[in-house]
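First the structure, in the form of structure tokens, and then the observations on it.
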Amino acid sequence: MPRVPGDNGGLAREAAVLKAVQEAWPDISETVPRIVAFEEGHRAVLVETALAGRLLGPALLRREPTRYIDAVVAWLIGLAATRRNGSEPGWYERLLERPLNDLAESLPLRVDEVDLVKRTLELVEPLREAEVPEVVEHGDLSHPNLIWTGENHVGVVDWELAEEHGLPLHDLAYFLTYATFALRRATDTTAQVGAFHDAFFARGGWARARVEAYARDLALDRELLTPLFVSCWARTVARLVDRIGGEEAAPMSEEAAAWIQQNRYYALWRHAIAHADGLAW
């Protein structure tokens, strides 16, 4: 049920995306919940089947990181294969330009932060006219939404942030960042940014090889990897702003804006922009 009465958007999105994914990829049925019933109204109700297994939390992931990471990456490649027919018209404005402009209007920004939005738009501009394959995005591929169901299979729950017509690499970048936090036991923002840098930007960063393998399987142009990687963190922050402020997001209160600017994903976005030139794929 929705946390706030009448706020049914997340449940409707989850029901629609799960239905579409299961129709496009029947084999996914064992790795995601199945819709039993969905009734809209003032207090919507969504009923799903359960997934049996163990939460793929940081401690479990550290036990056999290669095994668990490989399983999630393989699942993402399979999910991406359900949508390979190009992107729908207007996708750039819907997924990138509009959210970033709304972010700039909603969040009271200092001068350097205005430049952050401007620089982000410059970096993602090559995507506007590119042939970018459409994929389904989960939107929050990390603990506690990952369940190890055994036999090298991962289950994924909580699809209320999903995009049926989304961008490739978003979920992979998000998951690999969660994985590097877990492997480094990084729990504060400073440690998390350091782990993020070492995994993606530093020479020999372990996560880059995963991104490159994913790109090969999806036939993604290597020139698009940096714009797609940067867009992941900008869009993640834009979603945080949207979820906090909703229709009243412009302008946000100083308290809400301060919370966003202290959030780890805001720090990752800033770091990705500042070090984008170091992303050697």
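The values are calculated or read from the model by the stated rules, or taken from the named source; none is laboratory data. Computed from a prediction, not measured in an experiment: that's the story for all the values here. Cβ sites come from the backbone with ideal geometry, for glycine too, and all protein chains shown count toward neighbours.
Could you please let me know if GLU160 is within 30 Å of GLU223 (Cα to Cα), assigned by TED's automatic domain parsing to the domain that holds ARG94 and at pLDDT below 95? Here the answer is no, as GLU160 does not meet what is asked.
Condition (residue is assigned by TED's automatic domain parsing to the domain that holds VAL72, touching an Asp or Glu at 6+ places or on another chain (Cβ under 7 Å) and either assigned to a loop (DSSP other than H, G, I, E, B) or in contact (Cβ under 8 Å) with a residue 24 or more places away in the chain (or both)) applied to segment 200-211: is it met by at least one residue? Talk me through it step by step, then tell me what you get.
Restricting attention to segment 200-211, the residues satisfying the condition of being assigned by TED's automatic domain parsing to the domain that holds VAL72 are 200-211.
When the remaining residues are screened for being touching an Asp or Glu at 6+ places or on another chain (Cβ under 7 Å), the result is 205.
In the following step, the residues that additionally are either assigned to a loop (DSSP other than H, G, I, E, B) or in contact (Cβ under 8 Å) with a residue 24 or more places away in the chain (or both) were identified as 205.
Checked against the condition, which is being assigned by TED's automatic domain parsing to the domain that holds VAL72, touching an Asp or Glu at 6+ places or on another chain (Cβ under 7 Å) and either assigned to a loop (DSSP other than H, G, I, E, B) or in contact (Cβ under 8 Å) with a residue 24 or more places away in the chain (or both), segment 200-211 yields at least one hit.
Against the test of being over 17 Å from the mean Cα position of the chain (by Cα), at pLDDT below 95 and within 20 Å of LEU79 (Cα to Cα), the options ALA213, ALA250, ALA258 yield a single qualifying residue, ALA213.
Among the residues of segment 225-247, those that are at pLDDT below 95 and small (Gly, Ala, Ser) comprise ALA238, GLY245, GLY246. Identification of strands (runs of 3 or more DSSP E) wholly contained in segment 103-197 with 1 or more residues that are free of Cβ contacts under 8 Å to residues at least 60 places away in the same chain yields 135-137. For ARG203, the conditions (1) surrounded by 18 or more Cβ atoms within 10 Å (Cβ to Cβ); (2) more than 30 Å from ALA256 (Cβ to Cβ); (3) not aliphatic (A, V, I, L, M) all hold with the exception of (1).
Report whether or not ALA258 is small (Gly, Ala, Ser), surrounded by fewer than 14 Cβ atoms within 10 Å (Cβ to Cβ), assigned by TED's automatic domain parsing to the domain that holds LEU167 and assigned to a helix (DSSP H, G or I). So that I can check it myself, show each step before the final result.
Values: small (Gly, Ala, Ser): yes; surrounded by fewer than 14 Cβ atoms within 10 Å (Cβ to Cβ): yes; assigned by TED's automatic domain parsing to the domain that holds LEU167: yes; assigned to a helix (DSSP H, G or I): yes.
Criteria met by ALA258.
Within segment 154-170, track down each residue that is of a type outside the set (Gly, Ala, Ser), more than 18 Å from THR66 (Cα to Cα) and either surrounded by fewer than 24 Cβ atoms within 10 Å (Cβ to Cβ) or in contact with a strand residue (DSSP E or B) (Cβ under 8 Å, 6 or more places away or on another chain) (or both).
Start the filter on segment 154-170 by keeping residues that are of a type outside the set (Gly, Ala, Ser), which leaves 154, 156-161, 163-165, 167-170.
From what's left, more than 18 Å from THR66 (Cα to Cα): 156-161, 163-165, 167-170.
Selection gives VAL156, VAL157, ASP158, GLU160, LEU161, GLU163, GLU164, HIS165, LEU167, PRO168, HIS170.
Annotation: of all residues in segment 22-49 being surrounded by 11 or more Cβ atoms within 10 Å (Cβ to Cβ), among the β-branched types (Val, Ile, Thr) and over 17 Å from THR149 (Cα atoms), the one that is nearest to the chain's Cα centre (by Cα) is ILE35.
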